[in-house]
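Everything below concerns the one structure shown next.
The values are calculated or read from the model by the stated rules, or taken from the named source; none is laboratory data. Predicted model, so just to flag it, every value in this text is computed and none were measured. Don't worry about glycine lacking a Cβ; one is built from the backbone with ideal geometry, like all the others, and counts go over all protein chains shown. Ligands, DNA and RNA are excluded from the accessible area calculation, which covers all protein heavy atoms including side chains. Shrake-Rupley method; radii C 1.70, N 1.55, O 1.52, S 1.80 Å.
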Amino acid sequence: MKIGVFGGTFDPPHLGHLALGKAARETLGLDEIVFLPAARNPLKSRRTGTSGADRLAMIRLLIRGQEGMAASDMELTRGGVSYTVDTLGELQMVQPAEYWFLMGADGISQLDQWRNTVRIAKLCRLGIAVRPPYESEDLLAKLPAEFEGKADLIEMPPVEISSTDIREKFARRKPVHGLTPPEVLRYIEEHRLYQD
Ligand code: ATP
């Protein structure tokens with residue numbers, strides 16, 4: 001079994017996340033992608049104002065009807081700051097499998113701040129989605145030594161969407177069409193998220 005673990009804040013989840021999940025599944029031949037919203041990302045100074053329950057519910061709407069995609073509340077249930085090394089350890093215990101930890105190329109520059117990357121490199125491979133302005137050629141060379149030979153690139157057409165942009169558009173009452181599925185937009189409106 002080959003599983004892609006897709007960690008993030010998903011505040012809110014959007015079509016860029018979905019595109020990465022689909023590209024990872026195809027490129028790496030994964031059986032399943034598990035979206036894992038973080039309770040708290042140790043490297044993001046902004047604390048999410050959106051509850052874990054809302055972010056998980058929106059992920060479920062984002063991936064509804066998509067083959068081989070699931071959402072997990074593991075990090076939300078564990079609570080506190082979410083460390084990838086703990087999550088991968090728990091996943092390997094619950095369901096031993098070949099794991100890839102998926103991320104956009106922008107995440108590489110922060111890898112050296114992650115807790116216990118040596119153990120992470122033993123628990124999984126990295127699946128890195130090429131994302132402008134980063135170029136495929138440079139990416140693998142930028143990885144910390146422990147991930148040498150333990151990372152795969154995921155080529156995907158660039159999707160210029162970020163959660164920050166969606167939150168700002170909502171707050172300023174600007175059009176948000178085409179950034180995340182209508183079901184997620186409806187959820188945001190019904191739950192009055194990102195209003196200010
Ligand atoms: P924010 O704008 O709040 O920082 P984000 O849109 O980057 O959020 P996260 O939940 O922080 O979303 O991202 C989770 C993962 O998804 C990260 O590894 C990030 O690189 C990746 N990602 C986010 N948006 C895209 C996109 N448009 N294309 C490719 N990868 C993406």
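Sequence-distant contacts, meaning Cα pairs under 8 Å at least 6 residues apart, place the relative contact order of the chain at 26 percent.
Find how much the distance from Asp138 to Glu190 grows on full extension, using 0.36 nm per residue of separation minus their present alpha carbon separation; answer in nm with one decimal. Walk me through the numbers on the way to the answer.
Details: separation 52, 0.36 × 52 = 18.72 nm, distance 4.30 nm.
Gain on extension, Asp138 to Glu190, equals 14.4 nm.
Annotation for region 1-104: GluC sites (Glu not before Pro) lying in DSSP loop with at most 11 further Cβ atoms inside 10 Å of their Cβ are Glu67.
Given a 1.4 angstrom probe, what's the average accessible area per residue across region 2-160, in square angstrom?
Per-residue value: 47 Å².
DSSP loop (so not H, G, I, E, B), at most 12 other Cβ within 10 Å: list which trypsin sites (Lys or Arg not before Pro) in region 88-140 pass both filters. Mind showing how you got there, number by number?
Values: sites: Arg115, Arg119, Lys122, Arg125; in loops: Arg115.
Counting only loop positions with at most 12 other Cβ atoms within 10 Å, the trypsin sites (Lys or Arg not before Pro) in region 88-140 are Arg115.
With R₀ set to 25 Å, the beta-carbon distance separating Glu160 from Met93 gives a calculated FRET efficiency near 0.05.
Helical runs assigned H by DSSP (4 residues or longer) give the chain a calculated mean residue ellipticity at 222 nm of -10000 deg cm²/dmol, each run adding -39500 (n - 2.57) before division by the residue total.
Roll a 1.4 angstrom probe over the protein heavy atoms and tell me the percent of accessible area of region 2-160 that is carbon or sulfur.
On the way: 3640 of 7510 Å².
That fraction is 48 percent.
Calculate, in nm to one decimal, what Lys122 and Glu148 gain on full extension: separation in residues at 0.36 nm each, minus their alpha carbon distance.
On the way: separation 26, 0.36 × 26 = 9.36 nm, distance 1.17 nm.
Using 0.36 nm per residue and subtracting the Cα-Cα distance, I get 8.2 nm.
So what is the relative contact order for region 1-79, in percent, with contacts set as C-alpha pairs under 8 Å and at least six apart?
Relative contact order, region 1-79: 38 percent.
So, R0 is 41 Å and r is the distance between the beta-carbons of Glu183 and Trp114; what FRET efficiency does that work out to, to 0.05? Working shown, then result.
Working: r = 33 Å, r/R0 = 0.80.
According to the calculation, E is roughly 0.80.
By how many nm would the segment from Arg78 to Lys2 grow when fully extended, if each residue of separation counts as 0.36 nm and the alpha-carbon distance is taken off? All intermediate terms of the calculation are to be shown ahead of the outcome.
Working: separation 76, 0.36 × 76 = 27.36 nm, distance 2.38 nm.
Value of the extension gain: 25.0 nm.
Cross-link pairs exceeding 22 Å in C-alpha to C-alpha distance, out of Lys22/Lys174; Lys22/Lys169; Lys44/Lys169; Lys2/Lys142, comprise Lys22/Lys174; Lys22/Lys169; Lys2/Lys142.
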